[in-house]
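The values are calculated or read from the model by the stated rules, or taken from the named source; none is laboratory data. Keep in mind that what you see is a predicted model, and the values were worked out from it rather than measured. Here Cβ is always computed from backbone atoms with ideal geometry, including for glycine, and neighbour counts include all displayed protein chains. Areas reflect the complete protein model, heavy atoms only, side chains present, ligands, DNA and RNA absent. Shrake-Rupley method; radii C 1.70, N 1.55, O 1.52, S 1.80 Å.
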Amino acid sequence: MKSQLVLLGTGGGPTPKAERNAACNAIVVGDATYIIDAGNGVARQMAFAKLPFDSIRAVGITHHHSDHNADAGTLLHLAWCANLQGPVSTFGPAPWSKIWESFLAYSTTDVQTRIIDEGRPAFDTMITAKDVTEPGVVFEDDRVRITAAWVNHPPIPALAYRVDTEDRSYVISGDTTPCDSLVELAKGADVLVHEVMHIPSINPLLQRSNGQRLREHLINSHTSSTDVGEIAARAGVEQLVLSHFVPGSPAVPEGTWLADARKGFDGKIVAGQDLMII
C-alpha cells in the first residue's frame with residue numbers, strides 16, 4: 001500500500017511564526033494517518049492538507065517541549081468534534097500519560113456537553129496513552145511499525161521515531177544533537193526528517209531570554225546545519241528532509257540550508273516547507 005509523508009509543520013521553537021507552523025509530521029498509508037509531534041496549529045494544518053480527522057490511528061510525541069506537544073490533546077479533541085471514532089494510540093516519554101490525563105480533565109466540560117447535546121461517543125475511552133520507557137517497537141498495526149530510540153536533547157528525555165510501512169521507511173529525529181542512536185535507528189531508511197539549526201543566525205533569538213543560557217541550550221541540544229549531512233550519510237538514508245528550522249524566519253536563505261546540509265552527504269536533500277508531500 002502506497003505511503004507518503006506530509007510535513008504539517010516545519011518550524012522550530014515555541015514562538016508562533018507567520019512563515020512556518022510548529023513541528024508536526026503525518027505519515028499517511030492508504031486511509032490511515034500516523035502523527036509524529038503535534039505543535040500548535042496542527043489540527044488546522046490537517047484541514048489544509050485535506051487529511052480526514054477520522055483517519056488518525058496513532059499520535060507519537062518525541063519530547064515535552066511545547067513546540068512539539070502543545071496541541072496533542074487539542075488535535076484529538078477537535079478531531080473527535082469532527083468525526084473521529086477511534087481507537088487512537090498515543091505515546092511519548094513520561095510523563096505523557098499524566099499530561100493526557102490533565103488534558104482529559106481540561107476538556108471535560110466541552111466533552112460532556114457534546115456527548116449530551118450532539119450524541120457523540122465517549123472520548124476518554126477512545127484514546128489510550130502510553131509512556132515510552134525503553135527503546136524498541138512502541139506501536140504496530142496492519143499498516144505500520146513504529147520504533148523509538150532515545151536521542152540527546154538535554155535537559156529532558158527525547159525520542160526519535162522510525163515508521164516502517166510496506167513501501168517506505170521514515171525517520172523523524174525530533175530534537176537532538178548528532179548521536180549514534182539516531183544513526184542506528186535510521187540505518188537504510190528511505191526518508192530522514194531531521195531538525196536543523198543555522199548557528200551563525202541564532203543571535204537575534206538570544207534577545208528574548210537569558211542570552212548566554214539560551215545559547216548554551218541551543219548548541220548543546222540541537223544539530224548544526226553543517227553537521228546534519230554527515231548524520232544522513234552515516235545512516236545511509238536515501239533522502240534527507242530538513243525541518244524544525246532554527247531560526248525559522250526567512251532570514252536564512254533556502255540555498256544556505258541546502259549547501260550546509262550537502263557537506264558530507266551526496267543523496268537527495270529537501271528543505272522542508274509546511275504542507276509539502278514527500
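Among the listed residues Ile219, Ile269, Ile231, which satisfies the condition of being part of a strand (DSSP E or B) and over 18 Å from the mean Cα position of the chain (by Cα)? Lay out the reasoning, then the answer.
Values: Ile219 fails: part of a strand (DSSP E or B); Ile231 fails: part of a strand (DSSP E or B).
Ile269 is the lone residue from the list that is part of a strand (DSSP E or B) and over 18 Å from the mean Cα position of the chain (by Cα).
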List the number of the failed condition for Arg20; all other conditions in (1) open to solvent by less than 20 Å² (accessible area, probe 1.4 Å); (2) touching a residue at least 40 places away in the same chain (Cβ under 8 Å); (3) assigned to a loop (DSSP other than H, G, I, E, B) hold. (1)
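Just to be sure I understand, how many residues within the range 93-127 are in a loop (DSSP other than H, G, I, E, B), out of contact with any strand residue (DSSP E or B) (no Cβ under 9 Å at 6 or more places or on another chain) and within 16 Å of Ala70 (Cβ to Cβ)?
Let us first name the residues in the range 93-127 that are in a loop (DSSP other than H, G, I, E, B), namely 94-95, 107, 119-123.
Of the ones still in play, those that are also out of contact with any strand residue (DSSP E or B) (no Cβ under 9 Å at 6 or more places or on another chain) are 107, 119-123.
Of the ones still in play, those that are also within 16 Å of Ala70 (Cβ to Cβ) are 107.
Number satisfying all stated conditions: 1.
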Would a scan of the range 145-160 turn up a residue that is at pLDDT 95 or above, in a loop (DSSP other than H, G, I, E, B), open to solvent by 70 Å² or more (accessible area, probe 1.4 Å) and over 16 Å from Ala79 (Cα atoms)? yes
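Please indicate, with yes or no, whether at least one residue in the range 107-121 is within 30 Å of Ile219 (Cβ to Cβ) and open to solvent by 60 Å² or more (accessible area, probe 1.4 Å). Break it down stepwise before answering.
Restricting attention to the range 107-121, the residues satisfying the condition of being within 30 Å of Ile219 (Cβ to Cβ) are none.
Checking the range 107-121: not a single residue is within 30 Å of Ile219 (Cβ to Cβ) and open to solvent by 60 Å² or more (accessible area, probe 1.4 Å).
Could you go through the range 155-163 and let me know if any residue there is out of contact with any Gly (no Cβ under 8 Å at 6 or more places or on another chain) and of a type in the set (Phe, Trp, Tyr). Give the derivation first.
The initial filter retains those residues of the range 155-163 that are out of contact with any Gly (no Cβ under 8 Å at 6 or more places or on another chain), namely 155-157, 162-163.
So of that shortlist, the ones also of a type in the set (Phe, Trp, Tyr) come out as none.
Checking the range 155-163: not a single residue is out of contact with any Gly (no Cβ under 8 Å at 6 or more places or on another chain) and of a type in the set (Phe, Trp, Tyr).
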Looking only at the range 68-106, how many residues end up being open to solvent by less than 40 Å² (accessible area, probe 1.4 Å) and at pLDDT 95 or above? 22
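If a residue has to be at negative phi and part of a strand (DSSP E or B) to count, how many in the range 234-266 make the cut?
Residues flagged as at negative phi and part of a strand (DSSP E or B) within the range 234-266 amount to 7.
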Show the residue pairs that are 6+ apart or on different chains and have beta-carbon atoms under 6 Å apart, the first residue being within the range 191-219 and of a type in the set (Asp, Glu), the second being surrounded by 12 or more Cβ atoms within 10 Å (Cβ to Cβ) and modelled with pLDDT of 75 or more. Glu195/Ser173; Glu195/Asp175; Glu195/Thr223; Glu195/His244
List pairs: first residue in the range 265-278 and closer than 16 Å to Gly255 by Cα, second residue of a type in the set (Val, Ile, Thr) anywhere in the structure, Cβ distance under 6 angstrom, at least six positions apart or on different chains. Val270/Val241; Gly272/Thr10; Gly272/Val241
Arg120 fails exactly one of (1) modelled with pLDDT of 95 or more; (2) in contact with a helix residue (DSSP H, G or I) (Cβ under 8 Å, 6 or more places away or on another chain); (3) over 21 Å from Glu195 (Cβ atoms), namely (1)
Answer yes if at least one residue in the range 76-92 is part of a strand (DSSP E or B) and closer than 20 Å to Leu275 by Cβ, and no otherwise. no
